[in-house]
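A.B. asks: Handing you a structure now.
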Amino acid sequence: PVTVTAMEDYRACRERYDDLAGQRDDLVKAQDDLLGIIESLQRQMEKQFLENFRLLQQYLSETFVKLFGGGKAELRLTDPKDALNCGIEIVAQPPGKKLQMLSLLSGGERALTAIAILFAILDLKPTPFCILDEIEAALDDANIDTYADYLKAYSENTQFIVITHRKGTMERCDALYGVVM
């Protein structure tokens with residue numbers, strides 16, 4: 001049998017095909033554009049991350065020396081080729097010790113290294129206000145004094161609320177509020 005409406009069916013089917021093919025082409029172009037934008041953003045983010053990472057390393061080195069009275073500390077990327085997706089290792093060498101991973105340091109050395117990282121981050125991105133909750137609890141009395149003096153000097157540009165039970169830190173506060181349960 002001959003289909004009388006075959007020509008009209010073909011035209012309608014062809015119009016629908018052309019419309020859908022145009023939509024597909026638009027979607028493929030939009031996908032390519034988005035992938036290009038994502039790639040550009042990732043390159044820009046990686047560049048900015050690496051710049052800030054280098055600055056943070058520099059500030060950490062300076063802060064570590066001030067808090068420890070010597071030594072050195074480094075931040076290392078576990079995979080420098082994939083900076084945005086890799087981990088960060090913290091390596092420190094307190095005065096008189098060998099260079100080692102953070103996990104191999106004593107509790108007080110780990111705490112003081114973490115404090116050095118915190119202040120290095122504050123140097124990188126200053127903030128007018130900061131709350132510290134017993135970050136110096138693991139420090140011995142000599143390191144408490146060093147930390148408290150550093151905090152006091154740093155408080156010229158940043159206001160700190162410090163939650164602590166350590167006498168050396170409380171002695172250097174501008175205002176002291178006691179809380180009991």
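A.B. asks: For Lys152, what is the net charge nearby, where nearby means another residue's Cβ is under 11 Å from its Cβ and Lys, Arg count +1, Asp, Glu -1? Don't jump to the answer; show the numbers that get you there.
C.D. replies: Working: positive: Arg172; negative: Asp145, Asp149, Glu156, Glu171, Asp174.
Taking every other residue near Lys152 into account, the sum is -4.
A.B. asks: Right, here's the next one. Tally Lys/Arg at +1 and Asp/Glu at -1 over every other residue whose Cβ is under 15 Å from the Cβ of Glu8; what's the total? Spell out each step's value before the answer.
C.D. replies: Details: positive: Arg11, Arg14, Arg16; negative: Asp9, Glu15.
Summing Lys and Arg as +1 and Asp and Glu as -1 gives +1.
A.B. asks: Sticking with this structure for a sec: If I compute solvent accessible area with a 1.4 Å probe over the protein chains, what percent of it on the chain is carbon and sulfur? Can you show the working numbers first?
C.D. replies: Values: 6990 of 12530 Å².
Ligands and nucleic acids excluded, carbon and sulfur reach 56 percent.
A.B. asks: Going by accessible area, probe 1.4 Å, with all protein chains left in place, what is the ranking of Asp79, Asp133, largest first? If you can, show how the numbers build up before the last one.
C.D. replies: Working: Asp79 65, Asp133 100 Å².
Solvent-accessible surface, decreasing: Asp133, Asp79.
A.B. asks: Tell me the relative contact order for the chain as a rounded percent, counting alpha carbon contacts under 8 Å between residues six or more apart.
C.D. replies: Working: 170 pairs, mean separation 27.1, N = 181.
Once divided by the residue count of the chain, the mean separation gives 15 percent.
A.B. asks: Pull up the cross-link candidates among the lysines for Lys167, meaning alpha carbon to alpha carbon under 17 Å and not fewer than 8 places away within one chain.
C.D. replies: Partners within reach: Lys152.
A.B. asks: Can you list which of the GluC sites (Glu not before Pro) found in region 35-142 are DSSP loop residues with at most 14 other C-beta atoms within 10 Å?
C.D. replies: Glu134
A.B. asks: Please find, in a Gaussian network model of the chain (springs between Cα atoms separated by less than 10 Å), the residue of Gln57, Gln93, Gln44 whose mean-square fluctuation is greatest.
C.D. replies: Among Gln57, Gln93, Gln44, the largest GNM mean-square fluctuation belongs to Gln44.
A.B. asks: Now for a different question. In a Gaussian network model over the chain where Cα atoms closer than 10 Å are linked, find which of Gly69, Gly107, Gly36 has the largest mean-square fluctuation.
C.D. replies: With Cα springs under 10 Å in the chain, the top fluctuation among Gly69, Gly107, Gly36 is at Gly36.
A.B. asks: Further, regarding this structure: For region 104-181 and region 75-94, what is the separation of their C-alpha centers, rounded to whole Å?
C.D. replies: Here the answer is 25 Å between Cα centres.
A.B. asks: If I take every Cα pair under 8 Å that is 6 or more residues apart in region 78-181, average their sequence separation and divide by the length, what percent do I get for the relative contact order? Display every interim value, and only then the final one.
C.D. replies: Details: 90 pairs, mean separation 22.1, N = 104.
Averaging sequence separation for qualifying contacts and normalising by length gives 21 percent for region 78-181.
A.B. asks: Right, next: Rank Gln58, Thr5, Gly71 by how far each Cα sits towards the positive end of the charge dipole of region 1-145 (+1 on Lys, Arg Cβ; -1 on Asp, Glu Cβ) and give me just the farthest.
C.D. replies: The residue sitting farthest along the positive end of the dipole is Gly71.
A.B. asks: If you count the DSSP beta bridges with both ends in the chain, what percent of them are antiparallel, to the nearest 5? Spell out each step's value before the answer.
C.D. replies: Details: 8 of 13 bridges.
If we restrict to bridges inside the chain, about 60 percent are antiparallel.
A.B. asks: Of Pro80, Pro95, Leu112, whose Cα points farthest to the positive end of the dipole of region 67-174 (charges on the beta-carbon: +1 Lys, Arg; -1 Asp, Glu; origin at the Cα centre)?
C.D. replies: Pro80
A.B. asks: Now, a different point. Where only protein heavy atoms count, and the probe is 1.4 Å, what is the accessible area per residue for region 1-118 in Å²? Present the calculation step by step, with values, prior to reporting the outcome.
C.D. replies: Working: 8290 Å² over 118 residues.
Using a 1.4 Å probe on heavy atoms only, each residue of region 1-118 averages 70 Å².
A.B. asks: Run the dipole for the chain about the Cα centre, Lys and Arg Cβ at +1, Asp and Glu Cβ at -1, nothing else charged, and hand back the magnitude in debye, nearest 20.
C.D. replies: On the way: 20 positive and 29 negative charges, 121 e Å.
Using only the charged Cβ atoms, the result is roughly 580 debye.
A.B. asks: Compute the relative contact order of region 51-128 as a whole-number percentage, counting only Cα pairs closer than 8 Å that sit 6 or more residues apart in sequence.
C.D. replies: Details: 95 pairs, mean separation 24.8, N = 78.
It rounds to 32 percent for region 51-128.
A.B. asks: Whenever you get a sec, line up Leu75, Leu34, Leu50 from highest to lowest accessible area (probe 1.4 Å, protein heavy atoms). Before the final figure, lay out the partial values.
C.D. replies: On the way: Leu75 10, Leu34 105, Leu50 40 Å².
Ranked from most to least accessible, the order is Leu34, Leu50, Leu75.
A.B. asks: Then there's this: Rounded, prolate or oblate: which fits region 1-71 when a ≥ b ≥ c are the square roots of the eigenvalues of the alpha-carbon gyration tensor, with rounded for a/c under 1.5 and prolate only if a/b beats b/c? Could the numbers behind the result be given before it?
C.D. replies: Details: a/c = 13.59, a/b = 8.59, b/c = 1.58.
Prolate shape, in that a/c is at least 1.5 and a/b is the bigger ratio.
A.B. asks: If Lys and Arg each add +1 and Asp and Glu each add -1, what is the summed charge of the other residues whose beta carbon sits under 12 Å from the beta carbon of Arg172? Could the numbers behind the result be given before it?
C.D. replies: Numbers: positive: Lys152, Arg166, Lys167; negative: Glu136, Asp145, Asp149, Glu171, Asp174.
Once all neighbours under 12 Å are counted, the net charge is -2.
A.B. asks: Checking the a/c ratio against 1.5 first, then a/b against b/c, what shape does the Cα gyration tensor give for the chain?
C.D. replies: Cα axes put the chain in the prolate bin.
The values are calculated or read from the model by the stated rules, or taken from the named source; none is laboratory data. Bear in mind that the values here come from a model prediction, so they are computed numbers and not experimental data. Here the Cβ is made from the backbone with ideal geometry for all residues, glycine too, and neighbour counts use every protein chain on show. Just so you know, the surface numbers come from the protein's heavy atoms only, side chains and all, with ligands and any DNA or RNA stripped out. Shrake-Rupley method; radii C 1.70, N 1.55, O 1.52, S 1.80 Å.
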